[in-house]
1. Could you tell me whether Glu57 is acidic (Asp, Glu) and either in contact with a helix residue (DSSP H, G or I) (Cβ under 7 Å, 6 or more places away or on another chain) or crowded, with 21+ Cβ neighbours inside 10 Å (or both)?
2. Based on what the data block shows, is Leu9 assigned to a helix (DSSP H, G or I) and either touching a helix residue (DSSP H, G or I) at 6+ places or on another chain (Cβ under 9 Å) or surrounded by 17 or more Cβ atoms within 10 Å (Cβ to Cβ) (or both)?
3. Might you check whether a residue that is surrounded by 15 or more Cβ atoms within 10 Å (Cβ to Cβ), outside any helix (DSSP H, G or I) and without any contact (Cβ under 8 Å) to a residue 60 or more places away in the chain occurs anywhere in the stretch 23-40?
4. Could you run through the stretch 12-54 and say how many residues are small (Gly, Ala, Ser), closer than 15 Å to Met80 by Cβ and touching a helix residue (DSSP H, G or I) at 6+ places or on another chain (Cβ under 6 Å)?
5. Filter the stretch 60-92 for residues that are surrounded by 15 or more Cβ atoms within 10 Å (Cβ to Cβ) and of a type in the set (Gly, Ala, Ser); which is nearest to Asp141 (Cα to Cα)?
Amino acid sequence: MKKKIVLFLRVIIGASFILSGITKILAMTPFIETVYRFNVLPELFAVPFAALFPVFELVFGISLLIGYLTRLSAFCICGMLLMMLVAIVPQLLGGPKIADCGCFGGLMDSAVDINLLIRDVVMFGVVWFIFVQDEYSTTLDSWLSAGWKPETGGRKDKR
């Protein structure tokens, strides 16, 4: 049962990060402007950060979804969520008000409010739960570690 829950959570979080990455890549200019408005990074780093963040969301989202380097992907997504929290908390504590967090590019608006903070904290907890698992089922990792070899049709030995 636990393995099915972890699989379900991997699919939900992976798909969410894939969608988020794609929408930001397709609407890069508004996302760059949002990163500037958060005023967390020096201007020199804002554009490279805004350009790379959605690519990492896409890569780690796909990796988590298919279960390739699952633990590393979960750890990196936790790091990305921490970065988001570092940007959100000062806004909630009286920083300049930002109407949209830019979380899903131009797909939908997400207000920078307590609900966003709760959502990201919950997502962090879910991804950390995935990260700390001893083993994963239904992942590319588990198939590769079990000795799956494409040239043998998936058998360990060459009969």
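The values are calculated or read from the model by the stated rules, or taken from the named source; none is laboratory data. Keep in mind it's a predicted model, so treat the numbers as computed, not measured. Positions of Cβ are backbone-derived with ideal geometry, glycine not excepted, and every protein chain shown enters the neighbour counts.
1. yes
2. yes
3. Scanning the stretch 23-40, I find at least one residue that is surrounded by 15 or more Cβ atoms within 10 Å (Cβ to Cβ), outside any helix (DSSP H, G or I) and without any contact (Cβ under 8 Å) to a residue 60 or more places away in the chain, so the answer is yes.
4. Total meeting the criteria: 4.
5. If we take residues in the stretch 60-92 being surrounded by 15 or more Cβ atoms within 10 Å (Cβ to Cβ) and of a type in the set (Gly, Ala, Ser), then Gly67 is nearest to Asp141 (Cα to Cα).
Every residue, every condition in (1) at pLDDT below 95; (2) surrounded by 15 or more Cβ atoms within 10 Å (Cβ to Cβ); (3) farther than 26 Å from Thr70 by Cβ, yes or no:
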position	(1), (2), (3)
Val112	yes, yes, yes
Val122	no, no, no
Leu140	yes, yes, no
Gly147	yes, no, no
Gly153	yes, no, no
Lys156	yes, no, no
Arg159	yes, no, yes
